1. Does B:Asp282 satisfy the criteria of being modelled with pLDDT of 90 or more and not assigned by TED's automatic domain parsing to the domain that holds B:Leu225?
2. Counting residues that are within 30 Å of A:Thr104 (Cβ to Cβ) and under 28 Å from the mean Cα position of the chain (by Cα), which helices (runs of 4 or more DSSP H) fully inside the range A:192-267 reach at least 1?
3. Within the group A:Leu482, A:Leu462, which residue is assigned by TED's automatic domain parsing to the domain that holds A:Gly406, under 23 Å from A:Ala426 (Cα atoms) and touching a residue at least 12 places away in the same chain (Cβ under 8 Å)?
4. One residue is enough: does the range B:162-185 have a residue meeting the conditions free of Cβ contacts under 8 Å to residues at least 24 places away in the same chain and either touching a Pro at 6+ places or on another chain (Cβ under 6 Å) or of a type in the set (Ser, Thr, Tyr) (or both)?
5. Any chance you could count how many residues in the range B:1-29 are in a loop (DSSP other than H, G, I, E, B) and without any contact (Cβ under 8 Å) to a residue 24 or more places away in the chain?
6. For the range B:320-335, enumerate the residues that are crowded, with 17+ Cβ neighbours inside 10 Å and either of a type outside the set (Gly, Ala, Ser) or outside any strand (DSSP E or B) (or both).
7. Which pairs turn up if I take residues in the range A:254-277 that are in contact (Cβ under 8 Å) with a residue 12 or more places away in the chain and under 17 Å from A:Pro160 (Cα atoms) and look for partners that are outside any loop (DSSP other than H, G, I, E, B) and among the aromatic types (Phe, Trp, Tyr) with beta carbon separation below 6 Å, at least 6 apart in sequence or on another chain?
8. From the residues in the range A:486-527 that are within 10 Å of another protein chain (Cβ to nearest Cβ) and β-branched (Val, Ile, Thr), which one is farthest from A:Ser408 (Cα to Cα)?
Amino acid sequence: MLETKAVKTRARKIKSDASIFFRLKNFLKKPQNIILLIMTVCLGYLTLFPMLDMIIDTVKVHPAEAMRLGKANGDLTMNHWYKVLIDSSSLSIFWKPLLNSLVTSLGACLVALVFGGAFAWFITRTNIRWKKVLSSLFIFPYIMPSWTIALAWLNIFKNPLVGGTTGMFTAITGITLPNWFCYGAFPIAFVTGLHYSPFAYIMIGGILRNMDANLEEAALMLNTKRTRILFKITIPMVLPAILSTFLLVFSSAMSSFAVPSFLGLPVRYQVLTTQLYRTINGVNKGQGYVMAMLMILIGVGILAFNQRLTGTRKNYTTITGKSSNIAYINLKRARTVWSIIFLILIVIVSLVPLISFAIESLILRPGDYSLSNFTTQFWIGTSEQNKIANAEPGLFRNPALWRALGNSVKLSIVCALTAGTFGFLAGYGIVRARGTKLSTIVDNLAFFPYLMPAMAFSAIYLAMFSVRRGIIPSLYGTFFLLVLIGTVKYMPFASRAGINSMMQLSNQIEEAGDIMGIRWWKRMTRLVVPIQKSSFISGYLLPFISCMRELSLFVLLVTPQNRVLTTLLYYYNEKGWSQYSNGINLMIVLIVLLVNWIVNKATGASIDKGIGG
Amino acid sequence: MPRIELEHLTKKFGDFVAVDDLSLDIEDGAFVTLLGPSGCGKTTTLRQIAGLETPTSGTIKIDGKTVFSSKESIDVSPAKRGVGFLFQNYALWPHMTVYQNIAFGLENLKWPKDKIKERVNELLKLLKIEEFPKRYPAELSGGQQQRVAIARTLGPNPRILLMDEPLSNLDAKLRMEMRTELKRLHHETGATFVYVTHDQLEAMTLATKICLLDKGLLQQYDPPLTVYEKPKNIFVADFVGNPTINLLSFKAKQLDSKKAVLEGHGFSLIFESKDPFEVTEDVKLGIRPENVRLVEKDDIKATVSSSLPSGMETTLRLLLPDGEALSSVVFGSVDFKVNSTLNIDFASNSLNLFNEIGDLIALGSAKLGEGPRLE
């Protein structure tokens with residue numbers, strides 16, 4: 001650009017002569033600023049405040065340990081940090097579970113990336129058969145609760161070595177499987193990996209689909225072999241995205257609780273989350289909070305790394321093309337073989353768990369799979385018939401079940417409505433005020449609960465709201481507390497969905513209404529929401545389904561009156577009445593699949609369009 | 001009637017100054033284009049007039065009424081400024097039909113149903129889209145979408161129409177057609193048009209006045225032909241015109257108050273103006289391509305480096321003896337051999353002479369001269 005004299009004079013400082021009051025008024029005239037301000041206050045109170053509370057609790061003497069430490073209740077102490085990180089006990093409290101968490105999460109990532117990535121490549125780049133059926137079945141495990149496959153694993157492979165009955169595999173073949181196969185690191189990593197492989201498929205598949213096929217075709221024109229194209233062009237191109245998928249799966253696997261507790265505890269294999277549950281629930285709350293803090297730090301670290309990664313210029317995938325008619329690789333004779341292999345694998349992962357729940361809920365004596373042992377009494381039997389399980393009536397006649405089902409549905413609907421609405425509004429405000437400090441603050445605040453381990457989060461809420469705080473009365477045992485924590489915890493899903501959909505919507509669409517004098521409320525209801533209908537509903541669907549299958553967030557907070565399906569399942573499982581827990585599990589999975597299917601058919605919104613654990 | 005006055009308008013985004021102390025008077029019924037390279041502040045200026053962006057400081061008056069003043073704490077909302085705004089990507093509401101798109105704003109103004117119907121039909125006719133009231137925007141071509149967007153904007157009869165690069169998404173042929181259409185609309189509605197573009201040809205052909213901005217600063221505000229012939233500085237000269245103006249560097253020496261000798265590129269020129277001027281040591285001479293004329297007589301020698309005949313005219317790329325390149329436009333259907341040598345001179349009494357900081361110092365003629373050498 002040519003320099004002119006005029007341009008050189010611009011170095012002078014420009015100061016606005018507008019009064020602060022006028023600027024404030026202008027600031028508040030924009031609806032997005034009001035939304036962001038309210039969000040900052042509310043989310044600050046509901047996320048940062050608990051966090052601060054927790055930090056303080058890590059350096060405070062708790063009532064139960066005052067005597068042992070020889071200090072007064074509430075005194076300053078570094079004892080918790082010392083015990084968790086340095087003392088000889090730290091090895092079993094923190095370092096060993098940390099190592100186990102790292103090993104299982106890493107293993108889970110590998111399984112997810114290899115299985116999900118390979119499937120994504122086959123679907124987007126080859127002429128494999130039954131693409132539609134395969135890909136809709138493939139995302140089943142992602143929609144189902146995370147422990148589904150874990151329970152199925154136990155149903156099938158359970159060995160009698162650690163006590164209890166045997167699984168179907170042993171019952172049919174007579175082979176007793178070794179412990180390493182049934183419990184601990186291997187099945188945890190494998191099962192968690194299977195659960196997240198649909199996530200890897202959605203991410204990598206999306207990238208492969210959006211990647212300009214011309215790039216591969218250009219190499220093809222230069223006479224490059226297909227395999228060479230895959231390794232020299234396709235994989236390097238999607239590598240940053242693969243890495244990002246890797247990190248997201250890794251952090252989700254790190255914070256998963258149910259799978260390691262089902263598959264690890266029988267052999268006392270502790271990971272960070274199960275250890276956290278132990279310490280918070282009994283051993284020592286202060287130490288538990290230290291561990292929760294460390295877990296949050298790890299989560300933040302992974303996420304920050306991921307953000308740096310996707311923000312660099314190596315992230316080529318943002319350059320997307322619309323060339324969709326790439327020539328599919330002809331698998332020739334291998335086509336049918338590959339199609340069948342994938343179909344079998346997917347059926348095993350997606351449908352076999354459901355079948356195993358159904359069977360387990362129908363057998364009288366666990367471990368005996370002969371036809372004469374089948375009964376429907378755990379579903380429809382009266383309490384007189386069910387002598388074994390403490391005269392608990394069959395599920396369909398059981399008032400506890402109906403109440404839990406009602407609570408679950410009510411809670412999920414309310415949480416979905418609140419989290420979805422507030423999340424969408426947050427997303428709206430964040431995108432509209434993009435680049436401002438306030439927008440960044442709310443963006444981070446709304447995402448923060450995603451990093452909080454659910455267990456730690458609920459422990460803090462339990463501590464915070466079990467007493468009266470200012471104008472807020474004690475909330476323990478109320479339905480409202482469950483709604484509150486659910487709303488905050490699922491906000492990240494909804495706000496991400498909101499941000500994504502608002503990013504796609506040009507600001508001008510709304511300005512065109514603004515300039516005609518159409519008020520904000522009408523602009524939202526008549527323009528923004530109808531246009532973004534599908535992702536708007538996804539923002540409700542994700543919290544609904546997450547809430548429906550949530551265990552660790554509610555397990556500390558429910559009372560017998562407001563017990564939900566998942567905690568009822570946990571209760572039956574602890575009692576050892578596996579027929580009931582399997583039956584409830586089947587119900588949860590079917591409800592979740594059904595709701596997803598109905599919403600998908602009715603509105604086109606779908607859970608696999610968002611991210612989540 | 002609507003006249004727009006901007007006084008000391010400034011807009012900062014953080015530390016970045018998008019619009020820097022801009023004062024502009026847009027007369028009633030004018031068709032003003034805001035022209036400049038991307039990032040020069042033209043769209044920001046337009047959005048501030050509309051009220052979509054809040055200025056950091058300054059005053060905006062529409063029709064004599066202050067709609068924004070940072071000093072007096074006045075900020076009238078966009079809807080009450082009586083302006084229409086045409087967006088670059090049309091911003092049609094995808095979930096509404098053509099009819100609904102146009103009617104929505106009128107419904108909001110609480111117009112009676114039959115009046116809305118009448119007005120929408122009138123607009124559909126005016127913009128020649130009567131066949132499509134029931135279609136959705138996605139079912140229309142780019143040009144048709146543009147027409148719907150214009151109809152929607154014109155709906156409430158705005159006295160001022162602000163347009164943000166409305167034709168940039170259209171193909172070349174449609175763009176020509178829509179330019180004619182816009183000029184017709186300007187004539188028929190009698191409204192004041194403010195039009196943002198980075199396409200200098202569009203600005204030249206449409207506007208009654210061009211406002212050229214660079215880096216947030218006003219460079220020139222004049223009718224198109226004045227901007228073309230008397231660019232205030234090198235930036236303006238270079239930005240306007242296609243092919244771009246030739247800018248040759250010379251060492252200059254004053255002969256008398258209206259005359260100077262320019263030395264460089266293997267020859268020397270006598271520059272003469274009607275008005276007195278003062279040269280600096282280094283100057284640049286701006287010569288429009290159509291003023292680089294081929295002559296029979298022995299004059300400045302140049303070799304042909306490329307020749308691009310288009311039928312109506314031929315654009316030549318010439319090389320001066322020292323290798324400096326020069327473009328020339330020769331009218332008529334002629335072609336030239338590459339590497340042939342030609343004689344050229346500079347025909348015009350309004351060649352632009354710029355001083356060393358790039359400001360215009362004189363308009364005049366330049367002839368090959370034997371005049372006194374500099375050294």
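The values are calculated or read from the model by the stated rules, or taken from the named source; none is laboratory data. As the structure is a prediction and not an experimental result, all values here were calculated from the model. Glycine also receives a Cβ, built like all others from the backbone with ideal geometry; neighbour counts cover every protein chain displayed.
1. yes
2. Once the helices (runs of 4 or more DSSP H) in the range A:192-267 are filtered for at least 1 residues that are within 30 Å of A:Thr104 (Cβ to Cβ) and under 28 Å from the mean Cα position of the chain (by Cα), what remains is A:235-254, A:258-263.
3. Testing whether each residue is assigned by TED's automatic domain parsing to the domain that holds A:Gly406, under 23 Å from A:Ala426 (Cα atoms) and touching a residue at least 12 places away in the same chain (Cβ under 8 Å) leaves just A:Leu482.
4. Among the residues of the range B:162-185, at least one is free of Cβ contacts under 8 Å to residues at least 24 places away in the same chain and either touching a Pro at 6+ places or on another chain (Cβ under 6 Å) or of a type in the set (Ser, Thr, Tyr) (or both), which makes the answer yes.
5. Residues that pass the stated criteria total 2.
6. Correct list: B:Leu320, B:Leu326, B:Val329, B:Val330.
7. If the second residue must be outside any loop (DSSP other than H, G, I, E, B) and among the aromatic types (Phe, Trp, Tyr), the pairs left are A:Phe262/A:Trp147.
8. Result: A:Ile515.
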